[in-house]
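*Asks:* So that we are looking at the same thing, I have put the structure below in C-alpha cells.
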Amino acid sequence: MSKKVKDLMVLLAEYAVVDEDTSLQEALVALDESQANVPPGRGRHRAILVRDRSGEITGKIHYHAFLRALVPERKAMGEAALMDRAGVSDDMRDSSMRMLDLLTGDLMNVCERARNILVRDICSPATTHIDEEASISDAIPIFLWSQSQSLLVTRGNRTVGVLRLSDFFDELSSQIKRGECS
C-alpha cells in the first residue's frame, strides 16, 4: 500500500499556530492546548507555527529557537585587552562570559523574557514543504536535505498541514517491519 503525505500529516487546525505578534509565553500556551488534539498513539508536537498578517505560515519555533530566546545576548566585555595580555584565548573568554551570564542570574528572568519576546523575532523561516498528494517516499530526500523535524504540507500554494518526522519514521519503519516495501 502506497501512502500519500496527506495520510500522515497533522492538519493545520490540529497544530499550534500563532500570529507573528504573539508573545513566546502565549505561543507556549497555544502549543499546550494543541496537544489535546493529538490522536492516541501519536507523539506530541515539537514546534509552533507562525503566521503573518495575511494568514500564511512563515515561520516555526522549534526547541533551539525557544532556548535561544531565553538566553540573553552576551554583554560586551570591556576588559578584552586585559584578557588578551593575560594570554586568555578568545574561546576561553567567550566560554567564561557565557558561564558568567548563567551564574549571575540572567536565566532567572525567563518568564519575563517569554512574556516580552515576540515569536516573529525568534522563529526560523518555514520554507520547506511538500505537496499533500506526494508519496511518502518523496519526503525522504526533502527531510534529508532540510535536516528538519517537520515539513509544511501544501495544497496548491496553501499550507494545509504538517508532516512530522516522527510520524513519517513510525510509518516507514512499520512498513519495513511488515515487509510492505517494494
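Only the coordinates and a few stated rules stand behind these numbers; no lab work does. This is a predicted model, so every value here is computed, not measured. No Cβ is skipped: glycine too gets one built from the backbone with ideal geometry, and neighbour counts run over all protein chains shown.
*Asks:* Find the relative contact order for region 1-69 and round it to a whole percent, using C-alpha pairs within less than 8 Å whose residues are 6+ positions apart.
*Replies:* 28 percent
*Asks:* Can I ask one more? Taking a ≥ b ≥ c as the square roots of the Cα gyration tensor eigenvalues, with a/c under 1.5 meaning rounded and otherwise prolate when a/b beats b/c, else oblate, which class fits region 130-169? Spell out each step's value before the answer.
*Replies:* Values: a/c = 1.70, a/b = 1.54, b/c = 1.10.
Note, shape of region 130-169 comes out prolate.
*Asks:* In addition: From the Cα gyration tensor of region 19-75, with a ≥ b ≥ c the square roots of its eigenvalues, which class applies: rounded if a/c is under 1.5, or else prolate if a/b is larger than b/c, or else oblate?
*Replies:* oblate
*Asks:* Using the count of nearby Cβ atoms within 10 Å as a rough guide to exposure, how do HIS45, HIS62 rank from fewest to most?
*Replies:* By the 10 Å Cβ count, ascending, the order reads HIS62, HIS45.
*Asks:* With θ taken as phi - 60° and the coefficients 6.51, -1.76 and 1.60, list the Karplus ³J(HN,Hα) couplings across region 140-148 in order, rounded to whole Hz; mark glycine and proline as x.
*Replies:* Karplus values, whole Hz, x for Gly and Pro: 4, x, 5, 4, 5, 5, 7, 6, 9.
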